[in-house]
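Taking it in order: structure first as structure tokens, then the write-up.
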Amino acid sequence: MKTFDYTVKDELGIHARPAGILVKKLSGVKSNVTIEVKEKGKSADAKRLMAVMKMAVKQGDVVTVSIEGEDEDSVFEDIREFFETNF
Amino acid sequence: MGFFNKIFKSGGEDLSYVLTAPVDGKSIPLSEVADPTFADEILGKGLAIIPSSNVISSPCDGTIDLMFDTGHAVNLISDSGIEILIHVGLETVSLKGKHFKRLKETGDKVKKGDPLIEFDREEIAKEGFDTVVPIVICNTDSYSSVKVETGDSVKTGDRILSVEK
């Protein structure tokens with residue numbers, strides 16, 4: 001399993017559209033990907049749109065992203081860059 | 001076969017897989033929504049309504065999975081398992097709750113037709129926002145088809161969409 005922490009910079013957080021593009025990005029990824037905001041005790045399967053939206057991630061939240069599966073190495077780099085670019 | 005069987009089986013359709021219009025207006029295909037997140041079906045299949053009234057009502061019996069604290073969108077799960085996002089206007093997240101009033105909260109059980117959100121579409125439009133209301137099925141992949149009825153004026157409660165397992 002590979003993980004990284006990311007502090008959300010977008011002032012509107014991860015609302016409907018960003019949740020949608022994240023789920024879209026992960027379609028086709030074999031690994032299980034979860035996002036967790038430890039401070040709020042919430043986690044979600046990052047491939048499930050409604051679950052991601054329900055996290056209601058806000059600016060300043062520290063999101064722990066965990067990737068586990070056969071393609072975790074390539075997915076890790078890709079997703080980390082995606083978070084930095086989009087959130 | 002009894003009388004009631006006949007009624008419920010008419011057309012062989014289970015009404016728990018049918019959604020009704022959450023607002024009065026004109027129904028249009030998602031592809032005509034001026035936001036690629038919706039138009040390209042990134043959030044799922046569905047349709048949109050150009051609203052002519054100011055209350056969003058539940059399209060089905062179900063549970064509010066998430067009422068956005070800004071009141072600009074709501075996620076519902078129907079009792080039959082359909083995951084529905086109703087988004088009021090485009091980019092309206094940036095209004096941060098202004099012109100929106102939440103009438104229900106996350107976790108509430110709702111019946112078809114229950115009012116969920118009140119919004120001031122004239123004021124939202126005045127601030128330069130598109131007030132179109134996309135309605136999308138977030139678990140589109142769970143269904144073999146999502147059929148929509150568009151191109152007409154609709155009243156709250158009119159049938160607009162059905163899904164098939």
Qualifying residues in the stretch A:25-41 (those that are surrounded by fewer than 16 Cβ atoms within 10 Å (Cβ to Cβ) and within 13 Å of another protein chain (Cβ to nearest Cβ)) - the one farthest from B:Asp69 (Cα to Cα): A:Gly28
Failed item in (1) more than 13 Å from chain B (Cβ to nearest Cβ); (2) touching an Asp or Glu at 6+ places or on another chain (Cβ under 8 Å); (3) closer than 24 Å to B:Ser94 by Cβ; (4) modelled with pLDDT of 95 or more, with A:Gln59 passing the rest: (1)
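How many of the residues making up the stretch B:59-83 are facing chain A (nearest Cβ under 9 Å) and either touching a strand residue (DSSP E or B) at 6+ places or on another chain (Cβ under 6 Å) or not β-branched (Val, Ile, Thr) (or both)?
Looking only at that region, the number is 9.
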Condition met for A:Lys47 (of a type outside the set (Val, Ile, Thr), surrounded by 17 or more Cβ atoms within 10 Å (Cβ to Cβ), within 12 Å of the chain's Cα centre (by Cα) and outside any strand (DSSP E or B)): yes
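Do any strands (runs of 3 or more DSSP E) lying entirely in the stretch B:19-58 carry at least 1 residues that are crowded, with 19+ Cβ neighbours inside 10 Å and polar (S, T, N, Q), and which ones are they?
On the way: elements: B:25-29, B:45-51, B:55-57.
Answer list for the stretch B:19-58: B:25-29, B:55-57.
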The one condition in (1) of a type in the set (Asp, Glu); (2) surrounded by fewer than 21 Cβ atoms within 10 Å (Cβ to Cβ); (3) within 14 Å of another protein chain (Cβ to nearest Cβ) that B:Glu122 fails to fulfil: (3)
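Among the listed residues B:Leu85, B:Leu66, which satisfies the condition of being over 20 Å from B:Ala21 (Cβ atoms), in contact (Cβ under 8 Å) with a residue 40 or more places away in the chain and not basic (Lys, Arg)? Give the steps one after another, and end with the answer.
Working: B:Leu85 fails: over 20 Å from B:Ala21 (Cβ atoms).
Matching residue, one of B:Leu85, B:Leu66: B:Leu66.
At positive phi, modelled with pLDDT under 95 and either more than 10 Å from every other protein chain (Cβ to nearest Cβ) or not in a loop (DSSP other than H, G, I, E, B) (or both), is that true of B:Gly97?
Details: at positive phi: yes; modelled with pLDDT under 95: no; either more than 10 Å from every other protein chain (Cβ to nearest Cβ) or not in a loop (DSSP other than H, G, I, E, B) (or both): yes.
So B:Gly97 does not fit the description; no.
If you go through the stretch A:61-76 one residue at a time, do you hit one that is of a type in the set (A, V, I, L, M), farther than 18 Å from B:Asp65 by Cβ and in a helix (DSSP H, G or I)? Break it down stepwise before answering.
Of the residues in the stretch A:61-76, the ones of a type in the set (A, V, I, L, M) are A:62-63, A:65, A:67, A:75.
Checking the rest, the ones that are also farther than 18 Å from B:Asp65 by Cβ come to A:62-63, A:65, A:67, A:75.
This time we only want the ones that are in a helix (DSSP H, G or I), so: A:75.
Yes, the stretch A:61-76 contains a residue that is of a type in the set (A, V, I, L, M), farther than 18 Å from B:Asp65 by Cβ and in a helix (DSSP H, G or I).
Condition check ((1) over 17 Å from the mean Cα position of the chain (by Cα); (2) without any contact (Cβ under 8 Å) to a residue 60 or more places away in the chain; (3) crowded, with 22+ Cβ neighbours inside 10 Å) across all residues:
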position: B:Gly89; (1), (2), (3): no, yes, yes
position: B:Gly107; (1), (2), (3): yes, yes, no
position: B:Lys126; (1), (2), (3): yes, yes, no
position: B:Cys138; (1), (2), (3): no, no, yes
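Just checking, which of A:Val23, A:Val63 is touching a residue at least 40 places away in the same chain (Cβ under 8 Å) and of a type outside the set (Lys, Arg)? Show your work before the answer.
Working: A:Val23 fails: touching a residue at least 40 places away in the same chain (Cβ under 8 Å).
So the residue among A:Val23, A:Val63 that is touching a residue at least 40 places away in the same chain (Cβ under 8 Å) and of a type outside the set (Lys, Arg) is A:Val63.
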Residue match in the stretch A:9-17 (condition: away from chain B (no Cβ under 14 Å), assigned to a loop (DSSP other than H, G, I, E, B) and touching a residue at least 60 places away in the same chain (Cβ under 8 Å)): yes
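The values are calculated or read from the model by the stated rules, or taken from the named source; none is laboratory data. All values reported here derive from a predicted model rather than from experimental measurement. Please note: Cβ atoms are built from the backbone with ideal geometry, for glycine as well, and neighbour counts cover all protein chains shown.
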